[in-house]
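Novice: Here it is, the structure, as C-alpha cells.
The values are calculated or read from the model by the stated rules, or taken from the named source; none is laboratory data. Quick caveat, the model's predicted, so the values are computed rather than measured. Cβ: placed from backbone, ideal geometry, glycine included. Neighbour counts: every protein chain shown.
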Amino acid sequence: MSLFSAVADFLKPAQPPDPALEQAMLRIDRLVSPLLRTLPGCEHKLAPALHYALGYCDGLVAALPGPIDITRQAFANDPLVHALFATAGDIEQMLGRSQAVRDYLADPACRQSEYFYAMLAARRQQKRQLGMAIQGNVVHNDVPQLVLYFSNHTLIEPACSLDITRQGLRGLAFDSLLTTFHDHVEALRGEREGLRADASVARAHLTILRGKTPGREYEVCTRHLAELDARLHATAASLMPDHLVDALGDFLKAPESSLKLAPVTITVDRLGIVSEAENGDNSVHTLNFPELTARDQRLHLVMLTRISRDEAIDAVDKVRDQQHRFMLI
C-alpha cells in the first residue's frame, strides 16, 4: 500500500455504527456488566460473536410454528389446541389471568386490531393411569395408559402486529443468553469469595502450626493453602474484564448449548391418551410441535398464537368478577 493510499484510508469518514450491534452492546451493559465496554476494542472484538448470536435468535424465532388461533372453536376443531387445554374454559382462564394480556389491553394501541399475537409457552406433562381400552370388539379394564397434558400456560410478548411480537421475542431470546452468561459470572464471583474464606482459614491454621514442631500436618496445610491460592488466582483472573470479553465471545458463538428448539412428535386421542401410531381412528391424531430449552433447562412447548381482542377482554372481565366474588365470600 502506498503512502497516499494509507493517508486516504485514514481520512475516510468512520463507518456508522451497526444499530443491531449497538443495541446488543446496550443489553450487555444492562445484563452482564457496563465495565466490558471500557476495554479498548471491545465492540470490535465481540462483533463476530454478536452477529452469530443475533442471527441464531432470529432463526429461533422464525422456526416457531403458527400463528394458530386460540379460541373455543379451535379447541373443538384443532387437535393440538384440544391437547393443550383440558377444557375450552381453560382458554378463558389463561387469557383472563395473564398479566401480559392485561397490560396489552390497557394500552390504547391495542384498539388498532381486532386480533393480537403472542407466543404461547406451556410445559408438557405425562402421567400413568389405569383405564379402559377397546381392542377389537372387546373392552378391557385396568389397562396401563400414558396421558399427555400441559400446564403453566403463559403468553409472552402480546402485540397487535406479528412482526412486533417476533421482534420482541428475538430480544428476549438474546437477553436469555446474556442472563445465562451473567449467572455464570455470578457463580464465579461466589466461588472466588468462597476460596478467599477458605484461604483465610487455612492461613490462620498454618500460623498456629508454625509455633509447633514442623510435621506432617504442617506440610499438608501448606500444600492445601498453595492449592487454594492457585485456584483463587485463576478464578480472579477469569473475572477480569478482558477475560470476560473473551469468555462472552466464546459463549455467544455457541448459543445452542443454552437456548434451543427440539421437535416433538406424539400421537394421542381426544382424551390425551398416548398411542403408538394413528390407526385409522378419527379421534387419534399425531401432534407436532417444538419444545424450547432455555436458561432453567426445563422444556416448554412454544408456538405463535393469534387471539381475539374481544374474547380476551371478556375473559379478563370474567376472571376479575370471579376474583371479586371470591374476595366477598
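Novice: Which of the residues that make up segment 186-207 are more than 45 Å from the chain's Cα centre (by Cα) and exposed (fewer than 11 other Cβ atoms within 10 Å of the Cβ)? I'd like the intermediate steps shown before the answer.
Specialist: Narrowing segment 186-207 to residues more than 45 Å from the chain's Cα centre (by Cα): 205-207.
Within segment 186-207, just T207 meets the criteria.
Novice: Among (1) of a type in the set (A, V, I, L, M); (2) free of Cβ contacts under 8 Å to residues at least 24 places away in the same chain; (3) not in a strand (DSSP E or B), where does V101 come up short?
Specialist: So the condition that V101 fails would be (2).
Novice: If I ask for residues that are within 25 Å of the chain's Cα centre (by Cα), small (G, A, S) and assigned to a helix (DSSP H, G or I), which ones from segment 32-87 would you list?
Specialist: A47, A49, A53, G55, G59, A62, A83
Novice: Going by the conditions given, is T165 of a type in the set (S, T, N, Q) and modelled with pLDDT of 90 or more?
Specialist: Values: of a type in the set (S, T, N, Q): yes; modelled with pLDDT of 90 or more: yes.
Considered against the rule, which asks whether it is of a type in the set (S, T, N, Q) and modelled with pLDDT of 90 or more, T165 comes out as yes.
Novice: Now a separate question. Among the residues in segment 54-70, are any closer than 19 Å to V316 by Cβ and either surrounded by 17 or more Cβ atoms within 10 Å (Cβ to Cβ) or not small (G, A, S) (or both)? It would help to see each step written out before you state the result.
Specialist: The initial filter retains those residues of segment 54-70 that are closer than 19 Å to V316 by Cβ, namely 69-70.
Then drop every residue that is not either surrounded by 17 or more Cβ atoms within 10 Å (Cβ to Cβ) or not small (G, A, S) (or both), which leaves 69-70.
Checking segment 54-70: at least one residue is closer than 19 Å to V316 by Cβ and either surrounded by 17 or more Cβ atoms within 10 Å (Cβ to Cβ) or not small (G, A, S) (or both).
Novice: Hey, another quick one. Specify the residue that is nearest to L21 (Cα to Cα); the eligible residues are those in segment 163-180 that are among the β-branched types (V, I, T) and touching a residue at least 60 places away in the same chain (Cβ under 8 Å). Spell out how you get there, then give the answer.
Specialist: To start, the set of residues in segment 163-180 that are among the β-branched types (V, I, T) comprises 164-165, 179-180.
Still in the running and touching a residue at least 60 places away in the same chain (Cβ under 8 Å): 165, 179-180.
Values: T165: 20, T179: 17, T180: 19 Å.
That would be T179.
Novice: So, one more: Looking at segment 25-37, I want the residues that are touching a residue at least 24 places away in the same chain (Cβ under 8 Å) and have a partner that is surrounded by 13 or more Cβ atoms within 10 Å (Cβ to Cβ) and among the β-branched types (V, I, T) with Cβ atoms under 6 Å, at least 6 apart or on another chain. Which pairs are those?
Specialist: L31/T179; L36/V245
Novice: Here is a follow-up. Please work out which residue is surrounded by the most Cβ atoms within 10 Å (Cβ to Cβ), limiting yourself to segment 84-127 and to residues that are in contact with a strand residue (DSSP E or B) (Cβ under 6 Å, 6 or more places away or on another chain) and over 20 Å from G168 (Cβ atoms).
Specialist: Across segment 84-127, the extreme among qualifying residues is L84.
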